[in-house]
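Asks: I have a structure I would like to understand better, so I am pasting it below and will then ask my questions one at a time.
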Amino acid sequence: MSDLMARMGELCASGTPGDSLVALGLGSCIGLVLLDRRKGVAGLAHIVLPAAEGHNKELNPLKFADKAVPELIRQVTALGGRKPMFEAILVGGASMFAGAGSTLEVGVRNAAAVKEALAKERIRIHAEDTGGTKGRTVRVDPITGIVTVRKAGSKDEQLYPAVPKTSSHSRVLQEVA
């Protein structure tokens, strides 16, 4: 078992049983997951900013949504994933500087930029846990396609595939002898 970490401005991808793709401490950053569940491959990008334009060319291009999304597609495809089968999941994009004014709403801008890049590539978003004011950690099992999210101060919750909520009025059936 191996945790492959996607740190700020990094990507990771795998189709190896036992691997887990992880992005820790997503505040205003977006963790973008691309899955091809039929092939058992996944990729995860830790996206820091919306667009590379206007930034120093020396910076890591994978920090930016407009550069990271195409590269993540390339890496997952190289592992056998098929773009028409990709399922996208977005995590993060929190407002970490509440009250600082709209110019610092990087989380909202990051989420919008990733959504725009995915729309351009015709990849549908299947789930998202974005916004709010709490940081998150995302974990992906490329083989099962299970994506879990842990918000700061909370426990892991399965985000994708969706888990039906159990009713508080569940009935217990008893076997009659």
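Asks: Express in nm, to one decimal, how much length is gained between residue 156 and residue 2 on full extension, taking 0.36 nm for each residue of separation and deducting their alpha carbon distance.
Replies: Difference between extended and current length: 53.6 nm.
Asks: Semi-axes of the equivalent ellipsoid for region 2-160, please: Cα gyration tensor eigenvalues, times 5, square-rooted, ordered largest first, whole Å.
Replies: Value: 23, 18, 13 Å, ordered largest first.
Asks: Okay, next question. Rank by packing, highest mean first: peptides 50-59, 16-25, with packing defined as the count of other Cβ atoms within 10 Å averaged across residues.
Replies: Numbers: 50-59: 10.8, 16-25: 18.0.
Ranking the peptides 50-59, 16-25 by packing returns 16-25, 50-59.
Asks: Quick check: the angle from helix 65-78's long axis to the longest principal axis of the chain, C-alpha only, nearest 10 degrees?
Replies: The helix 65-78 is inclined about 60 degrees to the chain.
Asks: To continue, here is another question. Could you work out the local net charge near residue 122, counting Lys and Arg as +1, Asp and Glu as -1, over the other residues with Cβ closer than 15 Å to its Cβ?
Replies: That works out to +1.
Asks: Also: For the Cα atoms of the chain, what angle does the longest principal axis make with the long axis of helix 106-120, in degrees from 0 to 90, nearest 10?
Replies: Between helix and principal axis, roughly 80 degrees.
Asks: A further question follows. Tell me, what is the Rg over Rh of region 44-85, with Rh the Kirkwood radius over Cα pairs?
Replies: 1.06
Asks: Pull up the DSSP beta bridges for the chain and report the antiparallel fraction as a percent, rounded to 5.
Replies: 75
Asks: Across region 2-160, how many lysine pairs, 8 or more positions apart or on different chains, have C-alpha atoms separated by under 23 Å? Please give the number.
Replies: 16
Since every read-out is calculated from the coordinates, none of them should be taken as a lab result. Computed from a prediction, not measured in an experiment: that's the story for all the values here. Positions of Cβ are backbone-derived with ideal geometry, glycine not excepted, and every protein chain shown enters the neighbour counts.
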